[in-house]
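Here, each number is a calculation from the coordinates, and none is a lab measurement. Values in this document were obtained by computation on a predicted structure and should not be read as measured data. Don't worry about glycine lacking a Cβ; one is built from the backbone with ideal geometry, like all the others, and counts go over all protein chains shown.
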Amino acid sequence: MRMIHPILSALALGMAAPLVAQTAPAAAPAAAPAPAPAAFTLPALPYAPDALEPAIDAQTMTIHHGKHHQAYVDNLNKAVAADAALKGMNLEQLVARAGTLPAAVRNSAGGHWNHGFFWKTMAPPAQAGIASPALAKAITAQFGSMDQFKAAFKAAGTARFGSGWVWLIVKPDGKLAITSTANQDNPLMDVAEDKGMPILGNDMWEHAYYLKYQNRRADYLDGWWLVVNWGEVSRRFAAASKR
Ligand code: MN3
C-alpha cells in the first residue's frame with residue numbers, strides 16, 4: 001500500500017496547516033503561506049505492465065514500478081522532509097550534489113531519477129523504432145557498429161558487480177561513452193567517475209530481471225534491446241548534443 005505522510009499530503013494538496021488555522025487571531029489576516037515544494041510522486045508507467053513482454057514480464061514490471069520505484073519516492077519524501085537544508089530542492093538539484101547528501105537521500109533521489117528515466121527509455125516492441133541517422137552515425141563513429149555498441153554495453157552491464165546501472169552517455173566533449181554506476185548512482189552525480197548526460201540506461205539490479213531470467217543477466221541484456229525506445233533515445237541525444 002502507498003503510504004504518504006499526512007503533512008506531505010496536506011502540502012501536496014495546498015492545504016493550510018491546521019495548527020496555524022486554529023491558533024491564529026481571528027482579526028489578523030493570515031499571511032499567505034510560502035509555496036510548498038511539491039512532494040515527489042511516482043510517475044505512471046507510459047504503457048501497460050505487460051506491454052514489454054516477452055523482454056520483461058508483467059509481474060516484474062508491476063513490482064518494479066509499484067513497489068521498488070514507489071519505495072524510492074516515499075523514502076525520498078521522508079528524508080527531504082526531515083532535513084531543512086534540502087527544502088525546496090528539485091530532483092535534478094539533489095542528484096547533482098549527491099556526494100554531499102546523506103546516503104538515504106543519495107540512494108532515494110538516484111533511485112527516483114533513474115527509474116523515471118528507465119520507464120521512458122523503453123517502449124512496447126512494435127513501437128521500439130530505430131536510432132535517428134545522427135545517433136546511428138555517432139554510435140558507429142564511437143563503437144564501430146551498432147552490434148559492437150550492443151556488445152560493449154552488454155559487457156559493461158555484466159561486469160557491474162552487484163547492483164547498479166549501465167549507461168550510454170553524451171560526455172561534456174560531445175562524445176558517446178558507455179559507463180556503469182553502483183547502487184542508484186548515475187552519471188549526472190558529482191560523485192560519478194564518468195560524468196555525462198544519460199541517453200540510454202538499463203537497470204542491473206536483480207529486481208529488474210530475476211523473476212524471468214534468474215541469474216542470467218546476460219540474457220536479460222540481450223532480450224532488452226527489443227524494447228528500447230530508440231525514438232526517445234534519439235531525442236535525448238539531439239538535446240544533449242545541443243547543450
Ligand atoms: Mn530498479
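Observations on the structure shown:
- Taking amide hydrogens as placed 1.01 Å from N in the peptide plane, the amide H of TRP205 sits under 5 Å from those of GLY164, each at least 5 positions away in sequence or on another chain.
- Fewest-first sequence of ARG160, ARG235 by Cβ atoms within 10 Å of each Cβ: ARG235, ARG160
- Separation of the stretch 160-226 from the stretch 116-148 is 14 Å, based on Cα centroids.
- Reciprocal of mean inverse Cα separation for the stretch 58-123 (Kirkwood radius, Å): 12.3 Å
- Counting only residues at least eight positions apart within a chain, or on another chain, the aspartates and glutamates with an alpha carbon under 18 Å from that of LYS242 are ASP173, GLU232.
- Scanning residues 5 or more positions from MET122 or on other chains, those with amide H under 5 Å from its amide H are ASN229, with H placed 1.01 Å from N in the peptide plane.
- Kirkwood hydrodynamic radius over Cα pairs of the stretch 186-243, then Stokes diffusion coefficient at 37 °C and 0.692 mPa s, in µm²/s: 247 µm²/s
- The lysine pair count for the stretch 62-161, using Cα distances under 22 Å and pairs eight or more places apart or on different chains, is 7.
- Kirkwood-based shape ratio for the stretch 169-217, expressed as Rg/Rh from alpha carbons: 1.07
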